[in-house]
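Below: one structure, written as structure tokens.
No value in this document is a laboratory result; all are computed from the given coordinates. Computed from a predicted structure; not experimentally measured. Glycine gets a Cβ as well: all are built from the backbone with ideal geometry, and neighbour counts include every protein chain shown.
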Amino acid sequence: MTITQRDTDTSRALQGLEDGRASVRLRAALELGTTPDPRSVDTLIERCATEPEFFVRDMLTWALTRHPVSLTLPRLVQEVGSERAQARSQALHTLSKVGDRRGWPAITRPLLSDADPEVARSAWRAAVVLVPEGEESALAAALATQLGRGGRETRLSLSRALVALGDAADPALRTATEVADAHVRVHALATQRMLRDPDAGFDFAVEEAKRVVALGGSGQEGR
């Protein structure tokens, strides 16, 4: 078999993904996306699970989106079941970038409530991109079970996901404003405010919600 220049370039770039220098790994991922080669898909996905630098992982994801969906989608769906949190998170992130709704069945309830916040956040983002028409309300109900969870960045990610679902999220948010947990009520009210007013900042919406809850309200009075 004749070894072509493309074979040589691909092999060199794949080796570059293992280099100790992030700049070299970044350039290798760029090369693998610029000249897609089906033989690189498995290595790109495997590297996503271990790559320590965010900006390199982002380039790995871009490189994967440059390959045929028929090759990447089955491997990404498989990867979301990995025991490694970063593998799950990055596979979900890449699924959201690929944007093919055939990946929707991979977004399971356990992933939406994954104990690892990065995995959960990636699952939320992927879910709102891939959700089939007519499933938005059910997704919103599943996402609403995570209200009140984690720190600011996690709560902001969840609010953004719910807001992205539009009016379909409103019933789940209304229900959440009436639960006993004050943290959940605050988060739900803040998300409602963002849904009604896209220009409302998250921190402002949270402070406003805290005042409502402190006064014993759910924010639904008079509606």
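The table below gives the values:
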read-out: Ellipsoid semi-axes in whole angstrom, largest first, where each is sqrt(5λ) of the Cα gyration tensor of the range 134-218; value: 18, 14, 12
read-out: For the chain: relative contact order, % (alpha-carbon pairs under 8 angstrom, 6 or more apart); value: 11 percent
read-out: Per-residue HN-Hα couplings for the range 14-29 [Karplus 6.51, -1.76, 1.60; θ = phi - 60°; Hz; x = Gly/Pro]; value: 5, 5, x, 5, 9, 5, x, 9, 4, 5, 6, 5, 4, 5, 5, 5
read-out: Spin-label pair ALA214/THR34, simplified geometry with 7 Å Cα→Cβ offset, distance in nm; value: 5.6 nm
read-out: Cα centre as origin, Lys/Arg/Asp/Glu Cβ charges: the range 134-218 dipole, Debye; value: 280 debye
read-out: Percent of C-alpha pairs per 10 Å bin, the chain, short to long; value: 8, 30, 27, 19, 11, 4, 1, 0
read-out: Within the range 72-212: Cβ-based charge dipole about Cα centre, in debye rounded to nearest 20 (Lys, Arg +1; Asp, Glu -1); value: 220 debye
